[in-house]
Amino acid sequence: MSNYKEFHRRSIDQRDEFWAEQAQLVDWHKPAEQICDFSKPPFVKWFKGGETNLCYNAVDRHAAKRPDDRALVYISTETNEEKVYSFAELQREVERMAAIYQDLGVKRGDRVLIYMPMIAEAAFAMLACARIGAIHSVVFGGFAAGSLATRIDDAKPVLMVSSDAGMRNGKPVPYKHLVDEACKLAEFPPAKVLIVDRGLDKGFPKVESRDVDYAELRAKHIDAKVPVTWLESSEPSYILYTSGTTGKPKGVQRDTGGYTVALAASMKHIFTGGSGETMFSTSDIGWVVGHSYIIYGPLIAGMATIMYEGTPLRPDAGIWWQIVEKYKVSVMFSAPTAVRVLKKQDPAFLKKYDLSSLKHLFLAGEPLDETSHKWIMSELGIPVIDNYWQTETGWPMLAIVRGVEDSKIKLGSPAFPVYGYDLRIFREDGSECGPNEKGIVGIVPPLPPGCLSTVWGQDERFVSTYFSLFTDPVVYSSSDWGIKDENGYHTILGRMDDVINVAGHRLGTREIEEAVQTHPAIAEVAVVGVHDELKGQMPMAFAVVKDASTVDTAEKRAALEKEVMKKVDESLGAIARPARVHFINGLPKTRSGKMLRRSIQALAEGRDAGDLTTIDDPTTLDQIKAALAG
Ligand code: ATP
Ligand code: MG
């Protein structure tokens, strides 16, 4: 048996022993009395009775041993700033922020809503919450006032931390403005709003009795010493709303001890990063990747972490690689969407910099098609690890666990269940699928450390959303559709609700998208099922080409459409052939880069596009409408 198989089996069969070992990667104020309390399924308490602190593990313990080592590197290509904080400096800034919180009346268990751009102060704000046992709820900066207001009302924060403005593509995006609007819309607005004034929006409005200035309060607390508050392992560390791709976002509640251990273990076994190394995650603090792998994970491991405010294309498509060279980044984390964006750029940018420090690149968030996987791996010449997980789980569920065994990469597959996850593929009746049989990706509980403990304030919703698909056995449902091959490699086929049913054949959106992507002219594609009288549903494709000149006449479009259909015929058979392949300039995605297939489908069926609060570029919908009309 391979090393990894053995490792995974032990994590399930000798669960408590396994996690007791992993818990040693973390500093405890008081050790756990019980490793796993699963007496009230599906709720689980990890490291019961243990006392620890996320901020202590991320900052203080390193500051004590290696005060001058790099901890946080803030880079903005929007304002052209760059600043490096050592562990000692980071600790001082976090203590100042914690003192400001205390000054403003924030107590253990209170919520602090953080609505901020990717600036260093956002990291201080999160870590300061963790330090004093306040619960942060980071809302992606750039969500409209309405989305922000619903999250305010769900979390009921005593304090909000924000900024005058963010910057996107060189233009200021007002934040404070939106905060004011959201506070008006909300039923439970916070008593205080702390503003980090970047000087980007000179005349931003102020509310006298409520708004306080960060620079002023920081000066007041410049010498502050704020000891960490030791928390019982199950006390919440934060609330984070899911991306909202499929509707009303759910407030994922994370614990303290389990999360700290899960992240520490993942840094060792999955990401293989440690002291003296640098991690660069291109995500945003508003998403789960930002929480786990921009802020907490790398810092817990003693790595320096990069906080990047900017796009992958400004000043040019080489910017990420320039950062990798300059800071000798060894571990990088990004999303498939970004790879598809880079694919449309001049490949010379990837060869311009010394990337020899880079050990591997991790990609998650959407299916990584084989073509893009192969392309980025050969361009970079390093392993590119597809990993599958959710806001709910907080860390990877499927991946190659390179720190344990350097298993072979299968293109387009996030590989194996990660240790701790008893992940299996189920039929709709609750029985287990055989190899190469499509089904629902589920986890036999208990969920491992680090996963959501409940839905904030709604225990029933936790049970009904995630544990009610079948009653025997009770299983956590991911709501994703997947398959496992005879060698144990998994593939995610799309979301369960997006499955296309053509004359009784069930096809994941991913399968057809994968086939379309194999055509060299295609950069990106979304496939949806459209109602059909005869067949039930018919697939319809919306594709973006790499080079616009390949579809600039009606003849060229018709020819390419035929070629694309042929590709699908060849790999899946005529049954999966899209009824139409429309060519457009961009696809509707969420702000986190996820395809809004549900909205595309609605338009294709002549319905309203639905909830668009999370859409990045609404003009993409007009293009779809135009393509459908033409
Ligand atoms: P909501 O649950 O509110 O609709 P969301 O599911 O988009 O939002 P996230 O938790 O950010 O919010 O996304 C998790 C989902 O992203 C997974 O359930 C899966 O559908 C998709 N996903 C993540 N990683 C991968 C991957 N490596 N391959 C395929 N799909 C992935
Ligand atoms: Mg989801």
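The values are calculated or read from the model by the stated rules, or taken from the named source; none is laboratory data. Keep in mind that this is a model prediction, so the values were computed, not measured. No Cβ is skipped: glycine too gets one built from the backbone with ideal geometry, and neighbour counts run over all protein chains shown. Calculation scope for accessible area: heavy atoms of the full protein, side chains included, ligands and nucleic acids excluded. Shrake-Rupley method; radii C 1.70, N 1.55, O 1.52, S 1.80 Å.
A few notes on this one:
- Phi angles across the stretch 609-618 convert, under the Karplus curve 6.51 cos²θ - 1.76 cosθ + 1.60 with θ = phi - 60°, into 3J(HN,Hα) values of 5, x, 5, 10, 4, 9, 5, 7, 10, x Hz, Gly and Pro given as x.
- Between the amide H of Trp28 and any residue lying 5 or more places away or on another chain, no distance stays under 5 Å, with hydrogens modeled in the peptide plane.
- Apportionment of accessible area to carbon and sulfur, the stretch 68-177, percent (1.4 Å): 45
- Relative contact order of the stretch 86-205: 26 percent, from C-alpha pairs under 8 Å at least 6 residues apart in sequence.
- The chain: relative contact order as a whole-number percent, Cα under 8 Å and 6+ apart: 11
- Candidate membrane-span-like segments in the chain, meaning DSSP H helices with Cα atoms spread over at least 20 Å of their own axis and a Kyte-Doolittle mean of -1.0 or above, are 87-103, 554-572, with no membrane implied.
- Counting protein heavy atoms only, the stretch 458-515 has 47 percent of its accessible area on carbon and sulfur, 1.4 angstrom probe.
- Computed from backbone phi, the HN-Hα couplings of the stretch 225-233 come to 10, 10, x, 6, 9, 6, 10, 5, 3 Hz, rounded to whole numbers (Karplus: 6.51 cos²θ - 1.76 cosθ + 1.60, θ = phi - 60°; Gly and Pro given as x).
- A convex hull fitted to the Cα coordinates of the chain yields 151 cubic angstrom per residue.
- Amide H contacts under 5 Å for Ala71, placed H, 5+ residues apart: Tyr85, Ser86, Phe87
- Mean Cβ neighbour count within 10 Å, used as a protection proxy, ranking 300-308, 594-602 highest first: 300-308, 594-602
- The three principal axes of the C-alpha atoms in the stretch 157-305 carry coordinate ranges of 49, 46, 38 Å, sorted with the longest axis first.
- Scalar couplings 3J(HN,Hα) for the stretch 53-64, obtained by applying the Karplus form with A = 6.51, B = -1.76, C = 1.60 to θ = phi - 60°, are 8, 4, 5, 4, 5, 7, 10, 4, 5, 7, 4, 5 Hz; x denotes Gly and Pro.
- Members of Lys250/Lys438; Lys344/Lys410; Lys248/Lys589 lying beyond 19 Å, as alpha-carbon distances in this model show: Lys250/Lys438; Lys344/Lys410
- Contact order normalised by residue count of the stretch 409-546, Cα under 8 Å, 6+ apart, percent: 19
- Student exercise, the chain dipole from Lys, Arg, Asp, Glu Cβ charges, in Debye to nearest 20: 460
- Solvent-accessible surface of the chain, taken per residue with a 1.4 Å probe and all protein chains present: 38 Å².
- Restraint check, Lys268/Lys484; Lys107/Lys202; Lys374/Lys567, Cα-Cα greater than 24 Å: Lys268/Lys484; Lys107/Lys202
- Ranking by accessible area, most exposed first, for Arg340, Arg577 with a 1.4 Å probe: Arg577, Arg340
- Peptides 135-148, 479-492 ranked from most to least packed, by the mean per-residue count of other Cβ atoms within 10 Å: 135-148, 479-492.
- Proximity of backbone amide H atoms, modeled 1.01 Å from N, is registered between Gln34 and Lys48, Gly50 at under 5 Å, excluding neighbours fewer than 5 places apart on the same chain.
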